[in-house]
């Protein structure tokens, strides 16, 4: 029996037991989590007679106990998607009862599903349940077919009330959730389908991908695509299945390659959820991956879907280069020249800096670091016509980079802004969307092949794998002199 403190100082959560001078810290466990925690009271001796010391020592215990209470409350929260699962259960009960009633009037019905063992165990645990149900069944049976049909309806209503009671016993519902629960029990059709791809799941998926070293842009794309699918499912009130994914894909105005990337993102999410999320694994244990087996449109979706990108001729390039100069955008004009004489990717060119210009065997070269593949790491001699531009860029640079651009985007890509500028220039100059900066790579390879440069050497200069084990694995590649001879065959712009 605790006795009240004789002091007016702060003794909240502190007590002294009758006949003792030692202080205890005490917290009553809230009623809603007592069964989860397994006790009604937390109490701990602080092993001190000093109130001041007791006040100091109680903090650590209070922090731990309150955390346990909070965790217990969270563990009793109804899981994400409980509404859909409840509705599925109610619909199963309704179908079960309807089939039994159809059988009673002589119709042929599918085999009834196996009994729910958990439900039967709970029913047997109710005192007098079996006797009461047997008595009710006998009464309805004596009323003939109409009585039997009424008994089936009564049984369905009982099952629904039992399901409601089980939910309330297992979880802690807010007032609004209790109202929603009662509404769904009464009318399952009132439930507006909610996407199983919740924000909580997406956060966990993002964390998983980031911890596995996923590139930030790639992770953002995958999470973003699943978030948009989730919105689609909610807006269209559709469940996640093959038909829903098919409808989602058809609603997107994207090229086939991009649609394929959306499906790959879905498969990555599906495999992760099936492996790491218990609720998802249980809900979809008998379902196949809805993101596989789709036939993507060919030439559909985007206005340029399925069409080959155009290469740039020498006249095209001179026109674009002059248009950039006329527009006062010298960095863009320099980028176009670099693209024509190297066939490098736009981001590779924007990453060139002081250290990227090296001399090998007396020949000045660009040292491209590895970017998209092992073959992308390469040394490419600088075309003679490009040397004056490179010297000027090295002299004028303010941040060591040859091509000045606006600050890099959030993924560290320096080419983002200047790529947009190139797109605007291309459109203003009368070129179609099939003319992209990447077309310079195709142009360079085409010009080299037409100049009788061996296929393997052409691929080596632009950073493509040859597909030959002998060349890609065992060969050290062409000499710098051979590379310079090949790159010098590119037509000049002046």
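Tabulated data for the structure shown
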read-out	value
Members of segment 30-53 that are at pLDDT 90 or above and surrounded by 16 or more Cβ atoms within 10 Å (Cβ to Cβ)	42, 43, 44, 46, 51
Positions within segment 120-161 being on the phi > 0 side of the Ramachandran plot and either part of a helix (DSSP H, G or I) or surrounded by 12 or more Cβ atoms within 10 Å (Cβ to Cβ) (or both), in sequence order	144
So residue 422, is it under 33 Å from the mean Cα position of the chain (by Cα), at pLDDT 90 or above and in the same structural domain as residue 385 (by TED's automatic domain parsing)	yes
Selected residue (criterion: modelled with the lowest pLDDT) from residues of segment 388-409 that are touching a strand residue (DSSP E or B) at 6+ places or on another chain (Cβ under 9 Å) and surrounded by fewer than 12 Cβ atoms within 10 Å (Cβ to Cβ)	399
Counted residues, segment 328-343 - those being in a loop (DSSP other than H, G, I, E, B) and either at pLDDT 95 or above or touching a helix residue (DSSP H, G or I) at 6+ places or on another chain (Cβ under 7 Å) (or both)	2
Residue within segment 165-174 that is under 30 Å from the mean Cα position of the chain (by Cα), surrounded by fewer than 15 Cβ atoms within 10 Å (Cβ to Cβ) and on the phi < 0 side of the Ramachandran plot present	yes
Filtered residues of segment 197-213 (kept if surrounded by fewer than 20 Cβ atoms within 10 Å (Cβ to Cβ) and not in a helix (DSSP H, G or I))	198, 212, 213
Filter pass, residue 412 being at positive phi, modelled with pLDDT of 90 or more and outside any helix (DSSP H, G or I)	no
Search result, residues across segment 416-433 that are surrounded by 13 or more Cβ atoms within 10 Å (Cβ to Cβ) and assigned to a loop (DSSP other than H, G, I, E, B)	429, 431, 432, 433
In segment 265-283, the residues that are without any contact (Cβ under 8 Å) to a residue 24 or more places away in the chain and either surrounded by fewer than 16 Cβ atoms within 10 Å (Cβ to Cβ) or in contact with a strand residue (DSSP E or B) (Cβ under 9 Å, 6 or more places away or on another chain) (or both)	271, 274, 275, 278, 281, 282
Boolean, residue 152 is free of Cβ contacts under 8 Å to residues at least 24 places away in the same chain, assigned by TED's automatic domain parsing to the domain that holds residue 92 and out of contact with any strand residue (DSSP E or B) (no Cβ under 9 Å at 6 or more places or on another chain)	no
Neighbours by Cβ (under 7 Å, 6+ apart or cross-chain): first from segment 89-106, in the same structural domain as residue 146 (by TED's automatic domain parsing); second assigned to a loop (DSSP other than H, G, I, E, B) and surrounded by fewer than 17 Cβ atoms within 10 Å (Cβ to Cβ)	96/112; 96/113; 99/109; 99/110; 99/112; 102/109; 103/109
Hits in segment 355-386 - residues which are surrounded by 13 or more Cβ atoms within 10 Å (Cβ to Cβ) and assigned to a helix (DSSP H, G or I)	356, 375, 376, 384, 385, 386
Complete set of residues in segment 235-244 that are under 19 Å from the mean Cα position of the chain (by Cα) and over 12 Å from residue 195 (Cβ atoms)	241, 242
Pair list, Cβ under 6 Å, 6 or more apart: segment 163-182 residue outside the structural domain of residue 69 (by TED's automatic domain parsing), other residue surrounded by 11 or more Cβ atoms within 10 Å (Cβ to Cβ) and assigned to a helix (DSSP H, G or I)	164/185; 172/32
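This table checks each residue for (1) at pLDDT 70 or above; (2) over 20 Å from residue 364 (Cβ atoms); (3) not assigned by TED's automatic domain parsing to the domain that holds residue 376.
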position: 451; (1), (2), (3): yes, yes, no
position: 455; (1), (2), (3): yes, yes, no
position: 458; (1), (2), (3): yes, yes, no
position: 462; (1), (2), (3): yes, no, no
position: 469; (1), (2), (3): no, yes, no
position: 474; (1), (2), (3): no, yes, no
position: 479; (1), (2), (3): yes, no, no
position: 494; (1), (2), (3): yes, no, yes
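The values are calculated or read from the model by the stated rules, or taken from the named source; none is laboratory data. On a predicted model such as this, the values are computed, not experimentally measured, just so you know. In this analysis, Cβ positions are derived from the backbone assuming ideal geometry, glycine residues included, and neighbour counts consider all displayed protein chains.
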